[in-house]
1. I'd like the residue in the stretch 68-85 that is modelled with pLDDT under 95 and small (G, A, S) and, out of all such residues, is farthest from I37 (Cα to Cα).
2. Taking the options I37, I17, I13, name whichever one is surrounded by 15 or more Cβ atoms within 10 Å (Cβ to Cβ), modelled with pLDDT of 95 or more, of a type in the set (V, I, T) and in a helix (DSSP H, G or I).
3. Hey, could you check the stretch 64-73 for residues that are assigned to a loop (DSSP other than H, G, I, E, B) and on the phi < 0 side of the Ramachandran plot and say which is surrounded by the most Cβ atoms within 10 Å (Cβ to Cβ)?
4. Take the residues of the stretch 40-63 that are surrounded by 10 or more Cβ atoms within 10 Å (Cβ to Cβ) and among the small types (G, A, S): which is nearest to the chain's Cα centre (by Cα)?
5. Within the set of pairs 6 or more residues apart or between chains, which connect a residue that is under 17 Å from V9 (Cα atoms) inside the stretch 26-44 to a residue that is assigned to a helix (DSSP H, G or I) and acidic (D, E) with Cβ atoms less than 7 Å apart?
Amino acid sequence: MPTTITTRVDDTIVNDIDEVASEEALDRSAVIRRFLIHSLHEWKIRRSWGEYEKGTITLWKAAHNCGISLWEMMEEVHKIGKLAA
């Protein structure tokens, strides 16, 4: 069952969210949910990649922790490498 989370944000963030909502024809809640899902996914990938780099987990386990396939994890690692370069 969904849970309601309440937080306070600056007006500039609200304006940005409203702009995205308008462009995507969504309401604020949908935009915020999408941002949260995307941010959590990215955080999991970076955390798992860090554990893999330290040698504490395998790349397969990193992918599993992120809920993606090994091939998808390899693509994400490739993207991280491009960002670091």
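1. Taking the candidates together, the pick is A85.
2. Working: I37 fails: surrounded by 15 or more Cβ atoms within 10 Å (Cβ to Cβ); I13 fails: surrounded by 15 or more Cβ atoms within 10 Å (Cβ to Cβ).
The unique qualifying residue is I17.
3. Checking each candidate, the answer is I68.
4. The initial filter retains those residues of the stretch 40-63 that are surrounded by 10 or more Cβ atoms within 10 Å (Cβ to Cβ), namely 40-53, 56-63.
Applying the additional criterion that residues be among the small types (G, A, S) yields 48, 50, 62-63.
Numbers: S48: 12, G50: 15, A62: 15, A63: 14 Å.
Top of the filtered list is S48.
5. Cβ pairs passing all conditions: R28/D18; V31/E24.
The values are calculated or read from the model by the stated rules, or taken from the named source; none is laboratory data. In this text, all values refer to a predicted model and were calculated from it rather than measured experimentally. Every residue, glycine as well, gets a Cβ built from its backbone with ideal geometry; the counts of neighbours run over all protein chains shown.
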